[in-house]
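**Student:** Below is a structure I'd like to ask you about.
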Amino acid sequence: MFSKILIANRGEIACRIIRTARRMGVATVAVYSDADAGSMHVAMADEAVRIGPPPVAESYLDGERIVAAALMTGAEAIHPGYGFLSENPDFVDRVVNAGLIFIGPSATSIRAMGLKDAAKRLMEKAGVPVVPGYHGEAQDIVLLASKATEIGFPVLIKARAGGGGRGMRRVDHADDFAEALSSARREAKAAFGDDRVLVEKYVEKPRHIEVQVFGDNYGNVVHLFERDCSAQRRHQKVIEEAPAPGMTDEMRAEMTEAAVTAAKAISYSGAGTIEFIVDASQGLRPDRFWFMEMNTRLQVEHPVTEMITGVDLVEWQLRVAYGEALPKRQDEIELNGHAFEARLYAEDAAKGFLPATGTLHHLWFPDEPAPGTSLRVETGVREGDTISPFYDPMIAKLVVHGPDRETALDALGDMLAETEIAGSTVNTAFLAALAADPDFAAGDVDTGLIGRKQDALTAIPEPSEGFVTAAALAVSGLSETASPDDPWSALAGYAHFHAAPKRVALRYGEQEIRAAVSVVNGKTEIALIPAPLIPPHKGMGDSEAPRLSEKETHESKRSASSLWGGVRGGGNPPPRLARWPGHITIFDGPVSYMFSVPDPLERAEEAGGGADSLRAPMPGLVKVVRAAVGDTVAKGQPLLVLEAMKMEHTIAAPHDGVVAEIATEGSQVTDGATLVRFAEAGE
Ligand code: ADP
């Protein structure tokens, strides 16, 4: 076996490869960009080499530097992971020419499958079913349009160099063909530098079912059954599973045979995936699946195959690349139970799946499977790590296995509900809604399912009064759950037994929340103070909190424990919550509610008042500055707006005074940086 390999990747896949290599006694070299210097894959590897600045073109896509790092560290082989250079035949040539081994297929195999049109022609010749369509070289619009009519609408125009769904257009009517063609071409040109397309039948009620194949250097090819990746959002996989729901023995036999034929046609060595599109309008039928493309690498969703077969695909990759024969014959590979994988992302599902960034101040994954099931978390981040804007914002893949689909799906639902992440916006609730969807649960999936139900799947409920109260209580520092030595509550600077009501202010989205909390006879009491919706930019410090009349106070006052009792679920335990700088996140199953605490001033005031400077409660961007050096300002006057964690926090004057120093508009500030300093008397 190799004694040392280099992993030309980052994140969860780099960590996953390191784990197997370590188990096999193979030393590992990580490569990293400046953005990843402190990341998990670097910490896990035996050695690490810096390859450049954060942009991928100057780091993870720089094949020359990566090969140099391998030579410098004495690595004998390079594992590319997925993405980045994994399907780049020129990189394979570079690796081989340097006298190293590429852990993956030959450059020739990758080239054969690299372009969709050529791959389809090749597959047609090998006798693999291909979607009816035109995959020829000629590209003039009249010919393509007539081919589309011949195929019959709806058709799909695809960039031959395509990937990630780019350069792809569905066309329903002949009249729309010309326009769709030019827009697909523009997109393909921009994304791949190649505007050539193919046209194929648009498959109705399409399901995406792919077969894992594995070849060695001796002509052996096996399959490891299928995965269903039909749960897609804009052609991006969301939850994958193995085996495919509703798969029949007959159809599986035909599909896996076609997949092995496809791999043999290009003398494939290593791990690969043959993707098929299936017309499921009449259930799964052996005459209704067609070759779509081959991925000549390890897939993101490979763990579901590992879970149902017990095979470590990375181990096989290393063995085959080293020159060993496939560890198992076809008849030795068995399918057991059912597995799911959910892709947990830092993204805002409710805002059109906008990618998110942030520091994962709190990160916890369940690790106790229900009897008969198993759980696996594939991640490349730890608590405290940052999701940067430079790379794919995937946080983890949550993988479950159970004896049957229903049990495995229940386990996935539980796993999503128990996962806790605070510090970034995450898609946990969306994944859980999909896992709980009746059609998905019934196995009635097709690639349009998510799109049809997107609004329902991404809707986030408002936090209940119980959660709002719990958040306010946590902010007050008077919570029964707050530990006296918790640095966060220490920061708040409150004694644990207060006679006078403590007023707290927090924010949920654009809603301001105020509450009065007091400890009476050892019992915590809290009253939410009804407040009008204050438009954004107008912060907490702008005005005095409305005073409560005796009656209001009395009516809305409740004991903390009775409020917790009213929380969804009905139990007594307080809700799960995470405190992080300037924030409280409350977890309600897979849904999380983020409250921010935009009042560093109140804290300063409580701590004795008269603070002569204001510090940033968290790292952020000084978005607006509303005062200048020398200005005389009044208590409560807004001085600047700090944007942090995608929210705006108004910083107002804690007392009357003269501004001696103030942060510059547009500047980035770190946690604790001085935002405003007031002049001393006589200054
Ligand atoms: P890309 O390489 O850009 O990801 P693929 O060819 O793999 O493109 O197709 C991506 C997805 O588009 C598939 O998973 C499927 O959902 C959908 N798709 C592809 N071909 C067809 C087709 N002929 N009819 C309907 N949907 C299709």
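**Student:** Find out how many positive minus negative residues lie around Gly63, taking Lys and Arg as positive, Asp and Glu as negative, among other residues whose Cβ is under 9 Å from that of Gly63.
**Tutor:** Result for the neighbourhood of Gly63: -1.
**Student:** For the chain, what is the charge dipole size about the Cα centre, in debye to the nearest 20, if Lys and Arg each add +1 at the Cβ and Asp and Glu each add -1 at the Cβ?
**Tutor:** The dipole magnitude comes to about 600 debye.
**Student:** List the lysines whose Cα sits under 23 Å from the Cα of Lys205, skipping any in the same chain fewer than 8 residues away.
**Tutor:** Reachable lysines: Lys116, Lys120, Lys147, Lys158, Lys237, Lys453.
**Student:** Take the Cα gyration tensor of the chain, multiply each eigenvalue by 5, square-root it, and list the three semi-axes largest first, rounded to whole angstrom.
**Tutor:** 52, 28, 26
**Student:** Distances longer than 25 Å among the Cα atoms of the stretch 357-454: what percent of all pairs is that?
**Tutor:** Working: 1235 of 4753 pairs.
Result for the distance tail: 26 percent.
**Student:** Right, here's the next one. For Asn217, what is the net charge nearby, where nearby means another residue's Cβ is under 12 Å from its Cβ and Lys, Arg count +1, Asp, Glu -1?
**Tutor:** Computed value for this residue: -1.
**Student:** So how long is each side of the stretch 132-201 along the principal axes, counting just the alpha-carbon atoms, biggest first, in Å?
**Tutor:** On the principal axes, the stretch 132-201 reaches 28, 21, 19 Å in Cα extent.
**Student:** Which whole-Hz ³J(HN,Hα) couplings does the stretch 178-191 yield from phi under the Karplus relation 6.51 cos²θ - 1.76 cosθ + 1.60, θ = phi - 60°, glycine and proline marked x?
**Tutor:** So the Karplus estimates, Gly and Pro as x, are 4, 5, 4, 4, 5, 6, 4, 5, 4, 5, 5, 4, 5, 7 Hz.
**Student:** What do you get for the angle between helix 141-151 and the principal long axis of the chain? Use alpha-carbon atoms, 0 to 90 degrees, nearest ten.
**Tutor:** 80 degrees
**Student:** Quick one: net charge of Met72's neighbours, Cβ under 12 Å, K/R +1, D/E -1?
**Tutor:** Local charge sum for Met72: +2.
**Student:** Along the charge dipole of the chain, Cβ charges K/R +1 and D/E -1, which of Met294, His223, Ala174 sits furthest on the positive end?
**Tutor:** Working it through, the farthest residue towards the positive pole turns out to be Ala174.
**Student:** May I pose another question? Would you please calculate the Kirkwood hydrodynamic radius of the stretch 112-267 over all C-alpha pairs and express it in Å, rounded to one decimal?
**Tutor:** Mean inverse Cα-Cα distance, inverted, gives 16.8 Å.
**Student:** Label the stretch 36-177 by shape, choosing from rounded, prolate and oblate, from the square roots a ≥ b ≥ c of the eigenvalues of the Cα gyration tensor; if a/c is under 1.5 it is rounded, and otherwise prolate applies when a/b is larger than b/c, oblate when it is not.
**Tutor:** Numbers: a/c = 3.46, a/b = 2.27, b/c = 1.52.
Cα axes put the stretch 36-177 in the prolate bin.
**Student:** Pop the C-beta distance of Asp671 and Leu143 into the FRET formula with R0 = 60 Å and round what comes out to the nearest 0.05.
**Tutor:** 0.45
**Student:** Show that you can apply the helix-only estimate: for the chain, add -39,500 (n - 2.57) for every DSSP H stretch of four or more residues, divide by all residues, and state [θ] at 222 nm to the nearest 500.
**Tutor:** Taken over the chain, the calculation gives -8000 deg cm²/dmol.
**Student:** Please list 57-69, 296-308 highest first by mean number of surrounding beta-carbon atoms within 10 Å per residue.
**Tutor:** Numbers: 57-69: 19.2, 296-308: 24.7.
Highest-to-lowest ranking by the protection proxy: 296-308, 57-69.
**Student:** May I ask you to derive the FRET efficiency for Asn217 and Asp444 from their Cβ-Cβ distance with R0 = 51 Å, giving the value to the nearest 0.05?
**Tutor:** Numbers: r = 42 Å, r/R0 = 0.82.
The calculated FRET efficiency here is 0.75.
**Student:** Right, here's the next one. In nanometres, what is the gap between the two model label sites at Glu254 and Glu334, each 7 Å from Cα along Cα-to-Cβ?
**Tutor:** Label at Glu254, label at Glu334, 2.8 nm between them.
**Student:** Please enumerate, by chain and number, the lysines with C-alpha under 16 Å from the C-alpha of Lys502, excluding those fewer than 8 residues away in the same chain.
**Tutor:** Candidates past the 8-residue exclusion: Lys523, Lys557.
Rule-based calculations on the coordinates, nothing more; no lab input. The structure displayed is predicted, hence computed values, not measured ones. Cβ: placed from backbone, ideal geometry, glycine included. Neighbour counts: every protein chain shown.
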